[in-house]
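> Questions regarding the structure given below will be posed in turn.
The values are calculated or read from the model by the stated rules, or taken from the named source; none is laboratory data. Predicted model only: the values in this text are computed from it and were never measured. Note: ideal-geometry Cβ built from the backbone for every residue, glycine included; neighbour counts use all protein chains shown. Calculation scope for accessible area: heavy atoms of the full protein, side chains included, ligands and nucleic acids excluded. Shrake-Rupley method; radii C 1.70, N 1.55, O 1.52, S 1.80 Å.
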Amino acid sequence: MTNALPETPTAARLVIVGPQGSGKGTQGVRIAEALGIPAISTGDLFRAAVKDGTELGQQVKAVIEAGDLVTDALTFAVVRERLQEAGDGFLLDGFPRNLGQVGLLDAYLAERDEPLTTVIELGVPRAVSIDRLAERARQEGRTDDTDEVIANRLAIYERETAPILDVYRDHGLVDTVDGVGSVDTVTSRIMGALARRGIATQTAA
Ligand code: AMP
C-alpha cells in the first residue's frame, strides 16, 4: 500500500455510486466529459430501450416502472457490450448495483487485466435525495419518480447497493465525496479526489 502519486497518468476506470437523487447521473456525464471517457449509465440505456420499444425495452419496462432491479445477467450483457466498445477508460453510473454485479464486473475486468481505478461514492442525506427526486419528477415526469416507486428504489439502494461499497472499501478503492452543494462545487470535489489518485483531466496543463 502506497500513497505516492504515480508518475504516469492513471487510467480512469471509474464507478460512481450514490442513492437516487444524489446527482450521480449529472456528475457522471461531467466527469466523463472532462476525462474524455464514455459514461455508461445502465438507467439511461434501459430508459432509451424502453422509449425506442426495442426487445430489451420490452423486457425491462415493467421492472423499471416498479423501481425493481433488472436481472444481473441482462444488465451485465448491456454493460459488457458497452465496455467492449470503450477504450481503456470508462465511467460506470448505476452499475454495479448489487454484490452479484460486482462479481460479474470484477471477473470481466480481471480477464482484461484492467481493474477499476476508483469508486466515487456520492454522499447525500436521505432528505436531500427525496427532495431532488420530487423536483425531478415535476420537471422530467419520469415514470419511476412517483412517491411509492421512489421509496422502493431507495430501499433497494440501502439493502442491495450500499453493501457493494464495503467490498470496494476493503480494496481501498472508495473516495467518498460530499454531494451537497452546487453542481460545479461537487464536480470540483470529485475532480480533486481523482487528481489525488493520479487521474488527470485532458485539459490539465
Ligand atoms: P437509475 O437511472 O440508475 O436510477 O436506473 C433506473 C432503473 O433502471 C432502476 O430503478 C432499475 O430498474 C434499472 N437499473 C439501472 N441500473 C441497473 C442495474 N445495474 N441493475 C439492475 N437494474 C438496473
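> Per residue, how many Å² of accessible area does region 65-137 show with a 1.4 Å probe?
Working: 3320 Å² over 73 residues.
I get 45 Å² per residue for region 65-137.
> Which distance in Å, rounded to a whole number, links the C-alpha centroids of region 160-205 and region 30-57?
21
> By the scheme Lys and Arg +1, Asp and Glu -1, what is the net charge of all other residues having a beta-carbon under 10 Å from that of LEU83?
+1
> What is region 160-205 by shape, rounded, prolate or oblate, if you read a ≥ b ≥ c off the alpha carbon gyration tensor as root eigenvalues and call it rounded for a/c under 1.5, prolate for a/b larger than b/c, and oblate otherwise? Intermediate values should be presented prior to the final figure.
Working: a/c = 3.31, a/b = 1.46, b/c = 2.26.
Note, shape of region 160-205 comes out oblate.
> Most mobile of GLN27, GLN58, GLN84 per a Gaussian network model of the chain (Cα springs, under 10 Å)?
Maximum among the listed residues: GLN84.
> Provide the net charge surrounding GLY181, with neighbours chosen by a C-beta distance below 15 Å and charges set as Lys +1, Arg +1, Asp -1, Glu -1.
Values: positive: LYS24, ARG30, ARG132, ARG189; negative: ASP131, ASP178, ASP184.
After counting each charged neighbour, the total is +1.
> Quick one: Kirkwood hydrodynamic radius for region 129-205, alpha-carbon pairs, angstrom, one decimal?
It is 15.1 Å.
> Could you give the angle, 0 to 90 degrees to the nearest 10, between helix 183-196's Cα long axis and the longest principal axis of the Cα atoms of the chain?
40
> Which one, ILE130, LEU45, ILE156, projects farthest toward the positive side of the charge dipole computed for the chain from Cβ point charges (K/R +1, D/E -1)?
Value computed over the given set: ILE130.
> May I pose another question? Under a point-charge model restricted to the Cβ atoms of Lys and Arg (+1) and Asp and Glu (-1), what is the dipole moment magnitude of region 48-94 relative to its Cα centre, in debye to the nearest 20?
Details: 4 positive and 9 negative charges, 16 e Å.
My answer is approximately 80 debye.
> Now, a different point. Ranked from the most accessible area to the least, with a 1.4 Å probe and all protein chains present, what is the order of LEU154, LEU69, LEU99?
Most to least solvent-accessible, the answer reads LEU99, LEU69, LEU154.
> Over all alpha-carbon pairs in the chain, figure out the percentage whose distance exceeds 24 Å.
40
> What distance in nm lies between label points placed 7 Å from Cα along the C-beta direction at TYR108 and ASP68?
2.3
> Return the ratio Rg/(2.2 N^0.38 Å) for region 114-155, where Rg is computed over Cα atoms only.
Rounded to two decimals, the normalised Rg is 1.48.
> Moving on. Quick one: net charge around ILE156, please, counting Lys, Arg +1 and Asp, Glu -1 for every other residue with C-beta under 12 Å from its C-beta.
Once positives and negatives cancel, what remains is -1.
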